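Just so it is clear, none of the values below were taken in a lab; they were calculated from the coordinates. These numbers were taken from a predicted model, which means no experiment stands behind them. Virtual Cβ from ideal backbone geometry, glycine too; neighbours counted across all protein chains shown.
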Amino acid sequence: MKLSTHVFQRISDQGMPIISVDNPQASLELSLFGGHVLSYMPKRDNRQRLWMSPKAVMDGSKAIRGGIPVCWPWFGAAAEPAHGFVRDQMWQVLRVDDDNDLTRIQLQPEFSHLAGGGQLELMLELLIGEQLTLNLVTHNRQSKSLRFGGALHSYFRVKHIDQVVVDGLSGAYMDKVANRLVEETPSPYVITQETDRIQLNAVSDVHIREAGQQTAIGFSGHDSIVVWNPWQDKSAQMGDMTTDGYQQMLCIEAAITQGIELAPGHSHTLTQIIR
Ligand SMILES: O=P(O)(O)OC[C@H]1O[C@H](O)[C@H](O)[C@@H](O)[C@@H]1O
């Protein structure tokens, strides 16, 4: 089914609605299960930016391992289920438009509410062109303030984790692998073991550098940046990852881990830009 000049919708072999974008600047795939970006490839270099696990479950029975899961209205184990409740529900398309080199898609989950009855409205906007911009907009329609968190939990594809250097992170981080001990960001920033860090200095630009290529990631509206690689043992334990899967991926996540208090009638936008 054609949604616009550059946007099509189809049903996958596993029965999930998939949106495909192919415009003069880039191609992208998006699953309406989770409002989940599956792939993004700018045409200037035809390099896939996102990693998808070969064992990812794509039938809607659990969140997809890879691409860009949307974690909301909390991050991690702040409440149950982990990472909130929108990454494993169906979303719907609100709006699609093409403007030559840029395609805009807006979508929302079928329901969004907080425990305790609070209503927050969520909308994800994708701007697909020579870069990919994700705007995750939270709106408080209640007459009281509400607190929320979340993340754009992007899985970046790397040639090999051993060769990756992450540039741009600084300051203190909370080490989730070591009892939330607060440590100073290393330099150079290389990944040599299981890594699960909440970088508390919310910088606005990070680069993943490898021989012959780099991926630039921009952030705004975040209070932290999460860096995650499960390494070998954890990968082997996860049903939806191959034992060596950790070698080709690195999560660098635009995150709200400390929580944001949203006043009545106000909106907040969490942005990640991938180049
Ligand atoms: O397995 P998931 O629920 O998708 O979570 C995957 C990972 O997400 C984040 O990066 C967290 O910091 C990790 O602690 C967690 O293991």
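Each semi-axis of the equivalent ellipsoid for the range 126-165 is √(5λ) with λ an eigenvalue of the Cα gyration tensor; in descending order they amount to 33, 16, 5 Å. The charge dipole of the range 1-97, taken about its Cα centre with unit charges on the Cβ atoms of Lys, Arg (+1), Asp and Glu (-1) only, comes to about 240 debye. Note on the chain: with charges restricted to the Cβ of Lys and Arg (+1) and Asp and Glu (-1), its dipole about the Cα centre is near 260 debye. Placing unit charges on the Cβ atoms of the charged side chains and taking the dipole of the range 2-274 about its Cα centre, the candidate lying farthest along the positive direction among T271, I208, P188 is T271. Put simply, when 84-97, 67-80 are sorted by average Cβ atoms within 10 angstrom per residue, most first, you get 67-80, 84-97.
Relative contact order of the chain: 18 percent, from C-alpha pairs under 8 Å at least 6 residues apart in sequence. Legend: residue pairs K2/K55; K62/K159; K55/K159; K62/K144, Cα-Cα distance threshold 25 Å; pairs beyond threshold, K2/K55; K62/K159; K62/K144. Within the straight-line cut-off of under 16 Å between alpha carbons, none of the lysines are reachable from K43, sequence neighbours fewer than 8 places apart in one chain being disregarded.
Between S12 and S267, the contour length at 0.36 nm per residue exceeds the Cα-Cα span by 88.4 nm. Using the Cβ-Cβ distance between D175 and K43 with R0 = 41 Å, the FRET efficiency computed as 1/(1 + (r/R0)^6) comes to roughly 0.60.
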